[in-house]
Amino acid sequence: MEEARIDKWLWASRIFKTRTIAADACKNGRVTIEGVNVKPSRMVKVGETVSVRKPPITYSFRILKTIEQRVGAKLLPEIYENVTAPEQYELLEMTRISGFVDRARGTGRPTKKDRRSLDAFINDME
């Protein structure tokens with residue numbers, strides 16, 4: 001097989017858990033090939049570099065083999081080569097160390113501990 005659809009390849013190479021998620025990532029501009037946003041139906045060839053943005057970092061993969069059927073995790077080194085820049089992994093580590101919990105504003109309620117901390121803070125201000 002010389003070519004494969006990008007959404008199928010992303011799913012088959014275990015970069016995304018489902019093909020639907022892979023297709024959505026393509027539609028939302030999170031997948032690029034050689035710096036160009038791609039549609040899910042774009043055909044990929046051996047040797048192309050695929051960049052996938054999964055905040056907070058962007059992963060880069062060089063295609064070694066085009067597949068459309070999902071394979072076991074042990075076979076992944078034959079499918080792609082991870083060429084992600086080391087700075088991206090440093091950024092991921094910094095995010096992990098910072099301990100910041102990324103929660104959209106207004107979603108979820110504070111825990112009992114959070115509520116007590118807020119009450120204590122407000123009482124100290126008065």
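The values are calculated or read from the model by the stated rules, or taken from the named source; none is laboratory data. For clarity, every value in this text was computed on a predicted model and none was experimentally measured. Positions of Cβ are generated from backbone atoms using ideal geometry, with glycine treated the same way; all protein chains shown enter the neighbour counts. Side chains are part of the model used for accessible areas, which takes the heavy atoms of the whole protein and leaves out ligands, DNA and RNA. Shrake-Rupley method; radii C 1.70, N 1.55, O 1.52, S 1.80 Å.
Ranking Phe121, Phe16 from most to least accessible surface, computed with a 1.4 Å probe over the protein chains only, gives Phe121, Phe16. As a length-normalised measure over Cα pairs under 8 Å and 6 or more apart, the relative contact order of the chain settles at 21 percent. Here Met43 sits with roughly 70 square angstrom of accessible surface, probe radius 1.4 Å. Stokes-Einstein diffusion for the range 5-72, with the hydrodynamic radius set to the Kirkwood value over Cα pairs and evaluated at 10 °C in a medium of 1.306 mPa s, equals 137 µm²/s. Among the protein heavy atoms of the chain, carbon and sulfur supply 53% of the accessible surface, probe 1.4 Å, non-protein parts ignored. When the residues Lys17, Lys27 are ordered by accessible surface, computed with a 1.4 Å probe over the protein chains alone, the sequence from largest down reads Lys17, Lys27.
Largest accessible area first, the listed residues Ile67, Ile122, Ile97 line up as Ile97, Ile122, Ile67 when surface is computed with a 1.4 Å probe on the assembled protein chains.
Just name one of Asn123, Thr20, Ala4: the one whose Cα is farthest towards the positive end of the charge dipole of the chain (beta-carbon charges, Lys/Arg +1, Asp/Glu -1). Ranked along the dipole, the leading option is Thr20.
For the chain, adding -39500 (n - 2.57) for each run of n ≥ 4 DSSP H residues and dividing by the number of residues yields -10500 deg cm²/dmol at 222 nm. Compactness ratio for the chain: Cα radius of gyration over 2.2 N^0.38 Å (N = residue count) comes to 1.45.
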